[in-house]
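The values are calculated or read from the model by the stated rules, or taken from the named source; none is laboratory data. Note that the structure is predicted; figures quoted are calculated from it, not measured. Cβ coordinates were reconstructed from backbone atoms using ideal geometry, including for glycine residues, and neighbour counts include every protein chain displayed. Side chains included, ligands, DNA and RNA excluded: accessible areas come from the protein's heavy atoms. Shrake-Rupley method; radii C 1.70, N 1.55, O 1.52, S 1.80 Å.
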Amino acid sequence: MRAVGVAGVGNDGRRSVWHDEDAQRWGSASSGEDSAVTLVLFAIFVVVFAFLAMRESPLWQWGLAALVIGALSGLDFIDAGAVYRLGFGSWVLLALGVLFLALSLAPLRKAVLTTPVYGAVKSILPKVSRTEQEALDAGTVGWDAELFSGRPDWDKLTGIRKLTLTAEEQDFLDGPTETACKMIDDWDIRHNRADLSPELWQFFKDKGFLGMLIAKEHGGLGFSAQAQSMIVSKIASRSVAAGITVMVPNSLGPGELLEKYGTAAQKEKYLHRLAIGQDVPCFALTGVHSGSDAGGMRDYGTVTKGQWNGEEVLGVRLSFDKRYITLAPIATLVGLAFILKDPDNHLGRGETIGITLALVPHDHPGLDIGRRHYPARQAFMNGPVRGKDVFIPMDFLIGGTDYAGQGWRMLMECLSTGRAISLPAIGSTSIKATLRATSAYARVRRQFGIPVGIMEGVAEPLGEMVKRAYSFEAARRLTASMVDEGQRPAVIAGLLKYTTTEAMRDSMDDAFDIHGGRAIQDGPGNYLFGAYQALPVAITVEGANILTRTLMTFAQGVLRAHPYLLREVQAAQNKDKRAGLDDFDAAFGGHTKFMLRNIVASFLHGLTNGAFASSPNEGPMAKWYRRLHRYSQAFALTADWTTVVLGGALKRKQKISGRMADLLGDLYLMSATLKRFDEEGQIAEDRELVDAIMRDRVASIEKTFGEVFDNFPNPVFAWAMRILCFPLGRHAKRASDRVNYRFVRAVLRPGAFRDRLTTGVYVSSDPNDVTGVLEDAFLKVTEAEEIEAKFVRAARKGVIERRLDRDAITDAVAAGVLNDNEAGIMRAADEATERVVKVDDFGQDVLKETPRAAAE
């Protein structure tokens, strides 16, 4: 159909109302009537198009609508009468109506439309590898699918359980976990021992820290994902090395693999020993030539016969070279991943079996472990695992021969839950712990006669730390709750891993900027440096951030969470061509309707800035829920078009893919933040903070969308996406300096606001503790605030002086500035401040390393 003004002639040579020439022939009055009718018909067309697109209507309804509008467009109004004339536009609409009605018949549609498209897609679609397919199949989709859909079902978010712990889990958090934190001396761990103390190791084993995920029936604690996350968080707030030590056995490793896939005999033999720390596990996946690329694994096993316990048995002969394996140097039970081959077809499944997992005792002949890596000078145990022609019996395979070749699926299913717990716990607690320490230091430390925290230049990064602490804790607890509900949020787990650890890096940099020289002088009194050293580890492990962001998150997310794309891919790769065509026809039809709906919805939400988008409630955050819906819709359109236009080139366009992952991350952080605010009772004191977080996220989203459009390889589609998603332009701004400054001032005082922001970290007020000295000084300086103000005023008038050769507080009493009670409070604050600002120093010979055998 063409717009008004296209020439068309009826049977008697008269032109229809669709044509400008009619106005000249019929006169000004007739022209006015024609124009009005034309506008009405055009408006009807637009409304009907939008209505059908938003309803994702079937083809027959589109055909019927085209026929009706085409028929109406043939009406000419001359003077007071109406004449029916069919012009060119009318014929186009009628033809489209007939075509749509014909295509609504499945046999005809498949013959003339779906089959050619199906063939084209099959020819250009890159084949999904076995490991890629198993990774896709391993996880589940939930809230991420709602964000990809463009019309989130809020019940899928609000229905996720709140942060919930059993009484037993809370008691463990308040009891053994608190005790463990008191036992931790991070300087001793990372500098003196390069290991946990024997007492701490034994405490972890005796209290079941290494078996939190193992079921009670096997002697484990059987704790929820939320409890595991919070326990690891609290320990890591004290020492990252200790947190990782507890985290690893409860993440991807033999315990979880045995729980889910082990044979009855394997569970009976190992789970209780793992639960009580009698066995220490590690899992060897990463090889010298295969990090994120599992397909490049060079560790192989061959099914063959060999000697075991004096008998010839069927087994596997292994050769492997693994590295970066956490807990390997002290492990008593080693999990291995390798590619299994069966050239003699002993298993009856052909030569190539696939990635397979095995459990090997540390003292098994040929297994070489014990040496250490020293990652970023962190004290957690990490090292290589090697073996050449190591023979193991078949009962060493996890799950036995039934699970041979299913190792990658097993690993991905475990990783989709383990990664949702582990690194988000480490990252979020580091963000919160650095905020708690830095807010105290920024209040206690004075420069130019004022606390450094109230200086605008310092308040700026401190404000960013506040916002990160709230939002990433919200994301941590939401994701852990998903796992507790039985979800395996693979895409969200990877997304949260890289976003949280990057935010951890940002907060640590901000903390160092604010602390200045106090932060860089390492020693027993430095409460930041250990976590700072651990940053590269967090960034790198469980999927390096650079690849997780640019290669994996969006590519896997769009396949898993897109409502139709995976079905289309699976249909195109179906070896049964007829069944594949049927499946593709259904998915392609749905995808087409999805695209049309995205076009209309994105444009309407862009015009209204989400004013008519949905919200789960009409509370104080309703406008932000609507904005979240609006940007989710824009993301759905952009994600869909990016995938369709780029196709297999998406893997190479990693900058685009990374930006799309960033968009998904911002949408998820908005979701988690809003949910936390509602679940905590919409605390009035937090409202301005949440508003500021939302403004920042929206500004980030609009900026990232702009970068996607500016760098999109197809300029036509880039222009179309820009117009449809942002018809009025992008105008979002971050929260103002004034707003940020207000909640910075709030965090510089003791109280519930600061405690909520740093919930879950270990807190001590013991002045002899490395972080307790901060809390002690923070409280005493706050108590002395008014007294200090009197003292400062007197100093500015020259009544007293701060000098090393005089006691200014005694002088203040003598001058009548302070009374004896005030002087006591002031002196306690002064002494506490001195302990905080003090840095460590060492004798010349103290830091010299003890002579050690050179690495071979």
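Values as computed for the structure displayed
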{"quantity": "Failed item in (1) within 27 Å of Val839 (Cα to Cα); (2) assigned to a helix (DSSP H, G or I), with Ile492 passing the rest", "calculated": "(1)"}
{"quantity": "Residue match in the range 272-282 (condition: under 29 Å from Tyr527 (Cβ atoms), of a type in the set (A, V, I, L, M, F, W, C) and open to solvent by less than 20 Å² (accessible area, probe 1.4 Å))", "calculated": "yes"}
{"quantity": "Criterion (more than 30 Å from Ala145 (Cα to Cα), over 14 Å from the mean Cα position of the chain (by Cα) and of a type outside the set (A, V, I, L, M, F, W, C)) met by exactly one of Pro536, Pro563", "calculated": "Pro536"}
{"quantity": "Lone unmet requirement of (1) modelled with pLDDT under 95; (2) under 30 Å from Arg835 (Cβ atoms) for Asp513", "calculated": "(1)"}
{"quantity": "Index of the failed condition, Leu774 passing every other in (1) assigned to a helix (DSSP H, G or I); (2) over 50 Å from the mean Cα position of the chain (by Cα)", "calculated": "(2)"}
{"quantity": "Subset of the range 144-171 that is of a type in the set (Ser, Thr, Tyr) and closer than 22 Å to Gly557 by Cα - its residue that is surrounded by the most Cβ atoms within 10 Å (Cβ to Cβ)", "calculated": "Ser149"}
{"quantity": "Residue selected from the range 222-254 under the condition in a helix (DSSP H, G or I) and touching a strand residue (DSSP E or B) at 6+ places or on another chain (Cβ under 6 Å), by the criterion surrounded by the most Cβ atoms within 10 Å (Cβ to Cβ)", "calculated": "Pro249"}
{"quantity": "Count - residues of the range 325-359 that are more than 16 Å from Tyr300 (Cβ to Cβ) and touching a residue at least 40 places away in the same chain (Cβ under 8 Å)", "calculated": "13"}
{"quantity": "Near pairs, Cβ below 6 angstrom, 6+ apart or cross-chain, from the range 447-473 (under 30 Å from Leu496 (Cβ atoms)) to any residue that is at pLDDT 95 or above and among the aromatic types (Phe, Trp, Tyr)", "calculated": "Ala459/Tyr741"}
{"quantity": "Search result, residues across the range 257-266 that are open to solvent by 20 Å² or more (accessible area, probe 1.4 Å) and touching a residue at least 24 places away in the same chain (Cβ under 8 Å)", "calculated": "Glu259, Lys260, Thr263, Ala265"}
{"quantity": "Per-region count, the range 810-834, residues of a type outside the set (Asp, Glu), out of contact with any Phe, Trp or Tyr (no Cβ under 8 Å at 6 or more places or on another chain) and under 16 Å from Glu783 (Cβ atoms)", "calculated": "10"}
{"quantity": "When residues of the range 65-95 are limited to those that are hydroxyl-bearing (Ser, Thr, Tyr) and open to solvent by less than 50 Å² (accessible area, probe 1.4 Å), the one modelled with the lowest pLDDT", "calculated": "Ser73"}
{"quantity": "Boolean, Gly219 is open to solvent by 10 Å² or more (accessible area, probe 1.4 Å) and of a type in the set (Gly, Ala, Ser)", "calculated": "yes"}
{"quantity": "Any chance Thr479 is over 13 Å from the mean Cα position of the chain (by Cα) and hydroxyl-bearing (Ser, Thr, Tyr)", "calculated": "no"}
{"quantity": "Condition met for Pro536 (closer than 29 Å to Thr642 by Cα and either touching a Leu at 6+ places or on another chain (Cβ under 9 Å) or open to solvent by 10 Å² or more (accessible area, probe 1.4 Å) (or both))", "calculated": "no"}
{"quantity": "Residues of the range 287-325 classified as at pLDDT 90 or above, in a loop (DSSP other than H, G, I, E, B) and surrounded by 16 or more Cβ atoms within 10 Å (Cβ to Cβ), total", "calculated": "1"}
{"quantity": "Any chance Gly222 is on the phi > 0 side of the Ramachandran plot, touching a Pro at 6+ places or on another chain (Cβ under 9 Å) and either at pLDDT below 95 or not polar (S, T, N, Q) (or both)", "calculated": "no"}
{"quantity": "Matching entry among Thr429, Thr417 (being among the hydroxyl-bearing types (Ser, Thr, Tyr), touching a residue at least 60 places away in the same chain (Cβ under 8 Å), closer than 18 Å to Gln228 by Cβ and open to solvent by 10 Å² or more (accessible area, probe 1.4 Å))", "calculated": "Thr417"}
{"quantity": "Given (1) modelled with pLDDT of 90 or more; (2) open to solvent by 10 Å² or more (accessible area, probe 1.4 Å), number of the condition Met412 does not satisfy", "calculated": "(1)"}
{"quantity": "Glu707, sole failed condition from (1) among the charged types (D, E, K, R); (2) over 24 Å from the mean Cα position of the chain (by Cα); (3) farther than 30 Å from Leu165 by Cα", "calculated": "(2)"}
{"quantity": "Search result, residues across the range 601-619 that are farther than 19 Å from Asp153 by Cβ and open to solvent by less than 30 Å² (accessible area, probe 1.4 Å)", "calculated": "Gly606"}
{"quantity": "Unmet requirement for Phe709, which otherwise passes all of (1) part of a helix (DSSP H, G or I); (2) under 14 Å from Ala634 (Cα atoms); (3) open to solvent by 30 Å² or more (accessible area, probe 1.4 Å)", "calculated": "(3)"}
{"quantity": "Candidates Arg745, Arg756, Arg730, filtered to the one that is out of contact with any Leu (no Cβ under 7 Å at 6 or more places or on another chain) and either under 30 Å from Thr550 (Cα atoms) or assigned to a loop (DSSP other than H, G, I, E, B) (or both)", "calculated": "Arg730"}
{"quantity": "Qualifying residue in the range 676-696 (condition: of a type in the set (Val, Ile, Thr), under 29 Å from Ile454 (Cβ atoms) and within 21 Å of the chain's Cα centre (by Cα))", "calculated": "yes"}
{"quantity": "Neighbours by Cβ (under 9 Å, 6+ apart or cross-chain): first from the range 509-522, within 16 Å of Pro451 (Cβ to Cβ); second surrounded by 18 or more Cβ atoms within 10 Å (Cβ to Cβ) and charged (D, E, K, R)", "calculated": "Ile514/Arg445; His515/Arg445; Gly516/Arg445; Arg518/Arg445"}
{"quantity": "The one condition in (1) assigned to a helix (DSSP H, G or I); (2) open to solvent by 50 Å² or more (accessible area, probe 1.4 Å) that Pro524 fails to fulfil", "calculated": "(1)"}
{"quantity": "Residue among Pro176, Pro152 that is more than 20 Å from the chain's Cα centre (by Cα) and at negative phi", "calculated": "Pro176"}
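Table: residues versus (1) open to solvent by 100 Å² or more (accessible area, probe 1.4 Å); (2) at pLDDT 90 or above.
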| position | (1), (2) |
| --- | --- |
| Glu788 | no, no |
| Arg793 | yes, no |
| Ile800 | no, no |
| Asp805 | yes, no |
| Ile809 | no, no |
| Glu822 | no, yes |
| Ala828 | no, yes |
| Arg835 | no, yes |
| Ala855 | no, no |
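One line per residue, one yes/no per condition, for (1) at pLDDT below 95; (2) open to solvent by less than 20 Å² (accessible area, probe 1.4 Å); (3) polar (S, T, N, Q):
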{"residue": "Ala440", "(1), (2), (3)": "no, yes, no"}
{"residue": "Gln447", "(1), (2), (3)": "yes, no, yes"}
{"residue": "Pro461", "(1), (2), (3)": "no, no, no"}
{"residue": "Arg477", "(1), (2), (3)": "no, no, no"}
{"residue": "Pro489", "(1), (2), (3)": "yes, yes, no"}
{"residue": "Arg505", "(1), (2), (3)": "no, no, no"}
{"residue": "Met508", "(1), (2), (3)": "no, yes, no"}
